[in-house]
Amino acid sequence: MQTVGIDIGTTTISGVVLEKNGTQKPRILKAKTIENGSFLTTTKDWERIQDAEKIVKKSRQMLDDFLDEYPEVEKIGLTGQMHGIVYIDKEGTCVSPLYTWQDARGSLCEENNGSLTEEIQQTCNVQVASGYGIVTHIYNLRHHLIPDTAVSFCTIMDYFGMRLTGRKKALVHAGNAASFGFFDVPKNVFMTEELYKMGVEEQWLPQVCTGIEALGSYRERIVTTAIGDNQASFLGAAGNENNTLLVNMGTGGQISVLSDQYFTAEGIEARPFLHGTYLLAGASLCGGKAYALLEKFFREFVKEATGQEKPLYKTLEKLAGDGKASCTGRENRQKLQIETTFDGTRVHPEQTGSITNLSADNFTPAAFVYGTLEGMSRELYQMYQTIQNGTGMQIKHMIGSGNGLRKNPVLCEIVEEMFGAKLALAECEEEAATGAALSSMQQDE
């Protein structure tokens, strides 16, 4: 069977054509990645919105190119950025921009001098973060920002599925529904009573399914329900294996482990996966971005000193190795300690980063580079410790994905040492698109 998987990411849109026959290993016939390039200019520095129709147009063109070249494709699987929402009207047409997962309106101080996320915690005892779709929706309701013709909302990949199949109402997988917030994961239903307290009527909520279902067809191929990029990346990189830890380092960082048991804690979500299982996941807001900020810092200094501006990642890679060598054998109190929470955390958006343990011996560029990489890893490792302490699970395999790991061997070494396990990089770079293609194969199971 041949299937297509489309992944609508924040910065890129990726796709694969996948072939799998019987019990043989899936084979990627073709892969493609293009720039998303759809961010809209806004006067509000906390707003992160994208042009939904531009995303759909680019995604459809990629899909059409695949179908033209591989006419034997039978199914189309979808995935993309979680948490964010687009508003749709009664005809199933988008009537708003895509409010992305990076949108910070939920962290703004309201009239009571607290943020919306804090109010939700106090009023409903529900833990949500800014960027979660229903948090965005509540803010928009209060500030009269919802188009008059809007009747519901869904993720961008769910909307793409609607546009492909002509559906007028969204059908959202439980994993995407959970990413909006206010979702009872064990029961697979929205928390309607708590939502009512915040002024949200049930009619706004999309229909939810727990399995991979057929949405309809596009060019005589079955289009299946979209899953979140976290779930798709795990499926594409790790499959369905228990006790496998996926470490992803992109703009943000994330750890995910497959579990039969439901477990949540501060900073840890249990996300619906497939066949009644969960992904226990923790996410850092500033993963690979922390390294990019450091590179920008050095680049600006070099420009001031020499008048030349050029990328310095190769230089940072060498400094990282030098930093690792200088730190070997040192006690923790002698090493530079950098907390890379520059954008806060999902639980504590007000948190900032920090640099401690500075001394005359470690006040060097190499120590700063190595300390930043170690800080990026430590934030994820602390999340893993929370999962391990709460469930008792022991990882057997650790898989790495994302360019932050693929392009930085020193970071891979740090992760291996910190987690105490061998890190194997995922075989394909388009893990989420591959997972989307694989998910579509499970529609009949």
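Listed peptides 370-379, 422-431 appear in the order 370-379, 422-431 once ranked by packing, highest mean of other Cβ atoms within 10 Å at the front.
With both labels modelled 7 Å from their Cα along Cα-to-Cβ, the K314 to R142 distance reads 5.1 nm.
As a calculated quantity, the FRET efficiency between T306 and L108 at R0 = 56 Å, using C-beta atoms, amounts to about 0.85.
The Cα trace of the stretch 291-423 gives Rg and Dmax of 16.0, 55 Å, the first to one decimal, the second as a whole number. The solvent-accessible area of H173, taken with every protein chain present and a 1.4 Å probe, is close to 0 Å². In this structure the chain gives 44 Å² per residue of accessible area when probed at 1.4 Å with all protein chains present. Dipole size of the stretch 185-286 about its Cα centre, with +1 on Lys/Arg Cβ and -1 on Asp/Glu Cβ: approximately 240 debye, rounded to the nearest 20. Comparing R167, R105, R142 in a Gaussian network model of the chain where C-alpha atoms under 10 Å apart are linked, the largest mean-square fluctuation is found at R142.
Note on the chain: with a GNM built from Cα contacts shorter than 10 Å, the maximum mean-square fluctuation among P409, P311, P349 falls on P311. Around the Cα centre of the chain, unit charges on the Cβ atoms of Lys, Arg, Asp and Glu (plus for the first two, minus for the last two) sum to a dipole of about 720 debye. Overall form of the stretch 151-273: oblate. Here a/c, set by the Cα gyration tensor axes a ≥ b ≥ c, is 1.5 or more, and a/b is not larger than b/c. Quick one: angle between helix 156-165 and the longest Cα principal axis of the chain, in degrees between 0 and 90, rounded to 10, please. The answer is roughly 30 degrees. If r is the Cβ-Cβ distance from E74 to T277 and R0 is 41 Å, what FRET efficiency results, to the nearest 0.05? Rounded to the nearest 0.05, the efficiency is 0.95.
Close amide-amide hydrogen proximity is noted between G216 and V223, each under 5 Å apart and 5 or more residues distant or on a separate chain (H modeled in the peptide plane; Pro and chain starts excluded). Reported value for the stretch 86-183: 90 Å³ per residue, from the convex hull of its C-alpha atoms. Taken about its Cα centre, the stretch 20-174 carries a charge dipole of about 620 debye when Lys and Arg each add +1 at the Cβ and Asp and Glu each add -1 at the Cβ.
Set against the 2.2 N^0.38 Å expectation for a compact globular protein, the chain has a Cα radius of gyration ratio of 0.98.
Rounded to the nearest 10 degrees, the angle from helix 288-306 to the longest Cα principal axis of the chain is 50 degrees.
Take M62: with every protein chain present and a 1.4 Å probe, its accessible area is about 10 Å². Under the definition of Cα pairs under 8 Å and six or more residues apart, what whole-number percent is the relative contact order of the stretch 150-283? Reported as a whole number, the value is 21 percent. Among the GluC sites (Glu not before Pro) in the stretch 16-59, none sits in a DSSP loop with a Cβ that has at most 12 other Cβ atoms within 10 Å.
Please say if the stretch 192-264 is rounded, prolate or oblate, where rounded means a/c under 1.5 for a ≥ b ≥ c the square roots of the C-alpha gyration tensor eigenvalues, and otherwise the choice is prolate for a/b larger than b/c and oblate otherwise?
Oblate shape, in that a/c is at least 1.5 and b/c is the bigger or equal ratio.
When the chain is described by a simple charge dipole with +1 on each Lys and Arg Cβ and -1 on each Asp and Glu Cβ, the residue from T23, T210, I156 located farthest towards its positive end is T23.
Seen against the Cα atoms of the chain and their longest principal axis, helix 229-238 is set at about 70 degrees. Per-atom-type breakdown for the chain gives carbon and sulfur 47% of the accessible area (1.4 Å probe, protein chains only). Applying 1/(1 + (r/R0)^6) with r as the Cβ-Cβ distance of Q122 and F363 and R0 = 30 angstrom yields a FRET efficiency of 0.10. Ranking L438, N403, A129 by how far each Cα lies toward the positive end of the dipole of the chain (charges on Cβ) leaves N403 at the top. By its C-alpha gyration tensor, with a ≥ b ≥ c as the square roots of the eigenvalues, how is the stretch 307-349 shaped: rounded for a/c under 1.5, else prolate for a/b larger than b/c, else oblate? Note, shape of the stretch 307-349 comes out oblate.
The values are calculated or read from the model by the stated rules, or taken from the named source; none is laboratory data. Note that the structure is a prediction, hence the values are computed from the model and not measured. With ideal geometry, Cβ positions are generated from the backbone for all residues, glycine too; neighbour counts draw on all protein chains shown. Heads up: the accessible areas ignore ligands, DNA and RNA and are worked out on the full protein's heavy atoms, side chains in. Shrake-Rupley method; radii C 1.70, N 1.55, O 1.52, S 1.80 Å.
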